[in-house]
1. Which links in K446/K478; K518/K656; K518/K758; K446/K504; K247/K385 stretch past 30 Å when you go from one Cα to the other?
2. K505's amide H: which non-local residues (gap 5+, or another chain) put their own amide H closer than 5 Å, with H modeled 1.01 Å from N in plane and none for Pro or chain starts?
3. Which distance in nm do the two modelled labels at E601 and Q535 give, with both placed 7 Å along the Cα-to-Cβ direction?
4. Going by a ≥ b ≥ c, the root eigenvalues of the Cα gyration tensor, does the stretch 343-460 fall in the rounded group (a/c under 1.5), the prolate group (a/b larger than b/c) or the oblate group?
5. If you count, for each residue, the other Cβ atoms within 10 Å and average over each peptide, how do 480-488, 582-590, 636-644, 104-112 line up from highest to lowest?
6. Treat the stretch 1-150 as a sphere of radius equal to its Kirkwood radius over Cα pairs and apply Stokes-Einstein at 37 °C in a medium of 0.692 mPa s; give the translational diffusion coefficient in µm²/s, rounded to a whole number.
7. For the stretch 218-293, go through all pairs of different Cα atoms, get the mean of 1/r, take its inverse, and jot down that Kirkwood value in Å.
8. Return the whole-Å distance between the Cα centroid of the stretch 112-127 and the Cα centroid of the stretch 527-556.
Amino acid sequence: MQPEKLIENFSTHMKSIIARSISLASSLNYDNVSPLHILYTITEETGSIAGEILYRTRLEPKTILEYLQAGAPKFKSNKTFPELDAGSKSALEKAMLISYEKGHTYIGSEHLLYGLLKINDKPINDILKQNGIKLKLLFQEIDTILQSTTHFPNMESVQDAIEEIQDLGAEPLPNFPPMPGGGLLRNKKEKNSGALFMFTTNLTDKKEAEKFDPIIGREKEIDRLINILSRRTKNNPVLVGEPGVGKTAIVEGLAKKISLGDVPDILKNKKILSLDLTLLIAGTIYRGEFESRLKQIIDEISGRPDYILFIDEIHNIIGAGSNQGTMDAANILKPALSRGLLRCIGATTIDEYKKHITSDPALERRFQSINVEEPSPEETVGILKGIKKYYEDFHNVNLTDEAINSAVELSARFVHDNFLPDKAIDLIDEASAQVRATRKTSPLQKKLEKLESDSQKTRADKENAIKKEKFDLACELKDKEKKIAEKISLLQKQMEREKRPARKKVDAADIAKVLSNKVNIPVDFLLSNEWDRLQKLKNNLKQHIIGQDHVVEELAQSLSKSYIRLTETKKPFASFLFAGPSGVGKTEMAKALARELFMDEKALIRLDMSEYAEQHSISRLLGSPAGYVGYKERNRFTDELKNKPYAILLFDEFDKAHADVQKLLLQILDEGELTDGQGKKIHLRHSIIILTTNLGADLYKSAGIGFGNEAQNKESTLNNEVRLSVTNKLKEELGNSLFSRIQTTCLFSPLNKENVKKIIAKNLKTLSDGLQSRQSIKITPDDMALSELASVVHSNDTGARNAEKIIQDCVYDLIIDIIKNHQPKAGQPRAEKKEYILTKQNNEYRLI
């Protein structure tokens, strides 16, 4: 690296400090510039990080100046200008090394201060001790700010750089102190090395533009972008759209067109520079440092009509750098924008644009907004087909059309916290990575990985040698690194000559596996046909739910209608009101629906609405609003909704909830979405809403239909009069506004004795299956036992709710005795009988 290239990486304050130190030494008749001269100049360098550090330590510049004046020669020597002494050169060298070690893109005043303290200069140590400053604490203060994310260019000649600085001393210097700004150290020949190029990336550079994916279906937005940039005034466009719709990609597309010359003459040879705002702010913990960087960028770009500044996430400039009353970045940009000195492209989301940009009219009128809409699924398929080659080459796979169509369809249906095409691209990218990971590593690949590992270790050793100032060892390691690089190059060419392994295919099943892990939905559900599941639903539900065949028929028919109208509304997939006495199977029906429709009983999100009887309990559902205790804390209900977009949302005993909580359902049933305490919308378009209630249960009894009425051994049915009475009762209690929004109201019939008998038989079979798998014991009830158990359950007037408890009370003790008998005792054989019949003899239940 050339010495002048290193000097170009000196910050403005760094250059000013060196020049002022030379001037100070000259004014005091010194032949050499000592470290103490530099330390004094740092204390006088307003706005520099090192100056701020020393100011906070209460170091008195006056004590340093008095020390220098006391030791100053009385007469000026024959030297035209002072030279850096050995200590100053060493300090500068250590400043460069610490900058390199930290990976910084510049050498600033903070690095120089570190170097001055590191050389252990006696006059400096005396001054610090005189001012009561501990060296250890000062080092800690410097370490806190030596943080950055950028990479410093290779350092090859620190000594040459020092000599270059020494040569600059031959230029005429004004009387001490010189004007700040480091103008003396500016190169006569302008180069791309200032703040503008330090904190930006040239998107129109051909090598950079080659990295961009092709832009498909955004011709309209790119044309509008070109038109606004071609205007005489107000030529600053801002792209506004949801995250992931392709705002940055549009700017990259324009940059690619400029690099290819495929733009109007007015934009030819223009350069789009993307500002790295994070890097710009990084490390600017001291007042004025951020503003200084940004002002320097604006000064460099002003008057350069061939430069266009691109600021992604432009809303972040509002308040950026603002501290203790200083101006934020927006106010610094406004004058340059208003005078036409700066052309700028911005990109931000709709919410952030409204919150930050439109709230500042002076800033908003500088920009022309371009709305970037989410592409349709059909357009997204075209986009993915256009870019799939890049993902195929990167992952060495073949993306089938089936995989692309599946990625678009499934992401549109199941992913609601992102937008097309980004969420579809995420699926094909991760699915390709998953398929690629199954491929075994070839011997040549293993050898290549070993060489790359050796190269990294050698590079690390070289950098460590540089830090320890073992430059001879560093040169040896550099030669070794070069030889390894040659071997890697030869091996890569050999791998290219050999036949690459056949590419694996990425299909719809791979896409479904990735999505299943993201949204916690079974793969079988994602791959199955929804209409086919609906057609099988009726028979499957009748096997699980006893005595409610008419409700099953209504559910199956209503869900089929919902499937047909799904693309025409934003309402939930379906909404039901389950009404009927306790214990008839309302909650069990919801569980069975989750199991059959979504292939997972965990897809049922159940809320016991009796817990939400108070007005304030609505915050338990949605989360606390801003400013209240619990704001931003985790909310179980809303988190489950976000993680399970396909689910059954069961509001159990809904009539017991507070009226304000009930009103919450109006938004859900109308718009298919819910707004939580933080103002974020949760989409419920693919959810099924079920409300259960016991309202009107007394009307069943008054009509002679109930658990205690033994007039029927056949299925209890609801006549039209009872249906009308119960429906009117529901409207009266729930309100017509809510009742009219519910898609289907299902009235459950009370269970007769025959229904209860079937339920008990089903429960006993489940019990027997469990015993058979664990203890090899099978239990079969006879008709008498079933009838007696059914009579006990049915007489309690609670439906089948207490069936399991009755079985526990009557049968479990008998089972325990049987299990005990099956355990072999000492010296006795194990009981052989494994099949038992449950019956009732002499008013006692027995297993025989």
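None of the figures in this text is laboratory data; all of them are computed from the coordinates on show. The structure presented is a predicted model; accordingly, all values stated were derived computationally and were not measured. Counting neighbours? That spans all protein chains shown, and the Cβs are built from the backbone with ideal geometry, glycine included.
1. On the way: K446/K478 24 Å; K518/K656 35 Å; K518/K758 41 Å; K446/K504 20 Å; K247/K385 19 Å.
Going by Cα-Cα distance, K518/K656; K518/K758 fall outside the 30 Å limit.
2. Those qualifying (amide H under 5 Å, at least 5 residues apart or on another chain) are N398.
3. 2.9 nm
4. Details: a/c = 3.31, a/b = 1.59, b/c = 2.07.
Note, shape of the stretch 343-460 comes out oblate.
5. Numbers: 480-488: 14.1, 582-590: 23.1, 636-644: 16.2, 104-112: 25.4.
Going from most to least packed, we get 104-112, 582-590, 636-644, 480-488.
6. Numbers: Rh = 15.6 Å.
For the chosen part, D equals 210 µm²/s.
7. Working: mean 1/r = 0.0688 Å⁻¹.
For the stretch 218-293, the Kirkwood estimate is 14.5 Å.
8. Rounded to whole Å, the Cα centres lie 83 Å apart.
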